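Report on the following structure.
Nothing in this text is a laboratory measurement; each read-out follows from the coordinates by a stated rule. A quick note: this is a predicted structure, and the numbers were derived from the prediction, not measured. Cβ: placed from backbone, ideal geometry, glycine included. Neighbour counts: every protein chain shown.
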Amino acid sequence: MNITVVEIDRNMLDIALKWFGLELDNMHRVIIEDGVEYVKRIARAGAKFDVIHIDACTMEENVDTNCPIDIFYTEEMVRNYAAMLKPRGVVIMNVLTLTGNDMAAAKKVGPLTEPL
C-alpha cells in the first residue's frame, strides 16, 4: 500500500518514529508541510489518490468543529479533494467537537457529501 502522510509538526513525526515504530520507505512517506498548502499544490499538479483522510484538528475551545479545522471543509478545499481523487476514490474526514454538540458539527460538514 502506497501511503503519503502530510504533517505540519515535525515533532509528531519524531514521536511516531521513536515510540510507534514508524518505518519510512518508498511506499510510506511523511511530508512536513501545511496540509492546506499541500492539497492546493498537489491538486494543481494533477496527482490522484484512492483515499484522502482528513484528520486535522485543533484543541481550541471556541470553534464550531475541532476536527477538521474549518479551512479543511471550505468549498475550495472540497473542490481540490475532488480533483485529487481517482474515479472510485473517497474522502474520509474525522469530525469532532469539544462543545459536545456533535450533531451540529456533523451538519456543518455534512453538505460535503453532496456531489459538486
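Observations
- Paramagnetic label reach from Lys107 (point 7 Å along Cα→Cβ; backbone nitrogen cut-off under 12 Å): within region 56-99, no residues.
- For the chain, the number of Lys pairs with C-alpha atoms closer than 24 Å, counting only pairs eight or more positions apart or on separate chains, is 4.
- Straightening the chain between Asp34 and Met1 buys 9.5 nm, computed as 0.36 nm per residue apart minus the Cα-Cα spacing.
- Exposure proxy ranking, count of Cβ atoms within 10 Å, fewest first, for Met77, Met84: Met84, Met77
- In this calculation the C-beta distance from Lys18 to Ala45 is compared with R0 = 30 Å, giving a FRET efficiency of 0.40.
- Over the chain - Rg/Rh using Cα atoms and the Kirkwood inverse-distance radius: 0.98
- Gap separating the Cα centres of region 55-103 and region 14-43, nearest whole Å: 18
- Karplus-based coupling profile of region 22-36, in residue order and whole Hz: 4, 10, 9, 7, 5, 10, 9, 10, 10, 9, 8, 6, 5, x, 5, with θ = phi - 60° in 6.51 cos²θ - 1.76 cosθ + 1.60 and x standing for Gly or Pro.
- Value at 222 nm in deg cm²/dmol, rounded to 500, when DSSP H runs of n ≥ 4 in the chain each add -39,500 (n - 2.57): -10000 deg cm²/dmol
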